[in-house]
Amino acid sequence: MSRQTRYAGLAALTCLALCGGLVPAVGQVASPYRIKPSDVAVPPEVKLGEYQRTIRPFENWTLICDENLKARKKVCNVSQVIEDASGKMAFSWSLAATQDGKPYMILRTAPNARSDGLVSLKFDGRNQSVDVRLNGCNEMVCVGMLPVGPVMRQQISQNATPAISYSTVDGQTVTVTATLKGLSEALSPVK
């Protein structure tokens, strides 16, 4: 066997091993380990390495920005997550903008919320709650959308602490206290 043939065989074997193409031989067990993919979902039209996520914590809120480096396009949202005692998400909301730049609060409940139900935001000093219809649920979350209008702008400027409640499919009511404190500061880098 020539030296060139041996190197070609070794190169092919190395490629198979590094590319994950080796199949375990009879009697061998496949590895229970794998390389964890990135938590950042890169859009299909963007090449790996040309997309960047930055996460900046603020008081009560987290600013998350995703940027297409080649197109120089950045999309940001500011989020708050409220967990139960076991660490499961009970409620979260994010301030984001639509394609045409209109601000919306995206409300998320646990997946056991009534998919046809409401999320009610009760603010101090207001007799009427702000009710948001859920748009639907999957196995992880239920989602509703609230346009940011004059009432929400006022509550944001006052650092309000709304009581937020929703009904579950088993007839229970989940109520959490959220806060808008820190939201304006978390938005300041985006402006």
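Give, as a single signed number, the net charge of other residues whose beta carbon lies under 13 Å from the beta carbon of residue 58, with Lys and Arg counted +1 and Asp and Glu -1.
That works out to 0.
Treat the count of other C-beta atoms within 10 Å as a stand-in for reagent exposure and order 173, 109, 168 from fewest to most.
By the 10 Å Cβ count, ascending, the order reads 173, 168, 109.
In sequence order, what are the phi-derived ³J(HN,Hα) couplings for the range 81-89 according to the Karplus relation 6.51 cos²θ - 1.76 cosθ + 1.60 with θ = phi - 60°, rounded to whole Hz, with x for glycine and proline?
Here the 3J(HN,Hα) series is 10, 10, 10, 7, 4, 8, x, 7, 5 Hz.
When a footprinting reagent is the concern and you count Cβ atoms within 10 Å, what order do 141, 40, 78 take, fewest first?
The fewest-first ordering by Cβ neighbours comes to 40, 141, 78.
Express the C-alpha Rg of the range 52-191 as a ratio against the empirical globular expectation 2.2 N^0.38 Å, rounded to two decimals.
Working it through for the range 52-191, the quotient is 1.06.
When a footprinting reagent is the concern and you count Cβ atoms within 10 Å, what order do 56, 133 take, fewest first?
Final ranking by Cβ density, sparse to dense: 133, 56.
Going 7 Å from the Cα of residue 45 in the Cα-to-Cβ direction, what parts of the range 59-98 have a backbone nitrogen less than 18 Å from that spot?
66-76, 98
From the phi of every residue in the range 69-78, what ³J(HN,Hα) in whole Hz does the Karplus formula 6.51 cos²θ - 1.76 cosθ + 1.60 yield, where θ is phi - 60° and glycine or proline is x?
5, 5, 7, 6, 10, 10, 10, 10, 9, 10
Can you check what the net charge comes to around residue 132, using other residues whose Cβ is under 14 Å from the Cβ of residue 132 (Lys, Arg +1; Asp, Glu -1)?
That works out to +2.
How large are Rg and Dmax for the range 111-191 when only the alpha carbon atoms are used, in Å?
Looking at the range 111-191, its Cα Rg and Dmax stand at 13.9, 43 Å.
Any read-out appearing in this document is the output of simple, stated calculations on the displayed coordinates, not a laboratory observation. What you see is a predicted model, and the numbers here were worked out from it, not measured in a lab. So basically every Cβ, Gly included, is an ideal-geometry build from the backbone, and we count neighbours across all protein chains shown.
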